[in-house]
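K.L.:
Below is a structure I'd like to ask you about.
The values are calculated or read from the model by the stated rules, or taken from the named source; none is laboratory data. Just so we're clear, the structure is a prediction, and the values are computed from it rather than from any experiment. Heads up: the accessible areas ignore ligands, DNA and RNA and are worked out on the full protein's heavy atoms, side chains in. Shrake-Rupley method; radii C 1.70, N 1.55, O 1.52, S 1.80 Å.
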Amino acid sequence: MATIRIDNKNKVLVNGKSVASKLSDGALVFKTGFITFTIQGDPRIANESSWFDSDARTKGPIRRQ
């Protein structure tokens, strides 16, 4: 599990460490290690945010707490 924080200028912290991010087709995309995160920018599309581990070939949803 990862703790993801995104400020209003799209600065991303994963587990307290800053990571590079980019906007792609309305979503914020960033990577840490083998895991790529995709956060949808539109709050109405909340169920489409996900992560993908390119090493293990696994994926899953990102859920807000």
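K.L.:
Out of the residues in region 11-20 that are more than 13 Å from Met1 (Cα to Cα) and not small (Gly, Ala, Ser), state the one that is least open to solvent (accessible area, probe 1.4 Å).
P.N.:
Val12
K.L.:
Tell me which strands (runs of 3 or more DSSP E) are completely within region 21-65 and hold 3 or more residues being hydrophobic (A, V, I, L, M, F, W, C) and open to solvent by less than 60 Å² (accessible area, probe 1.4 Å), or say none if there are none.
P.N.:
27-32, 35-40
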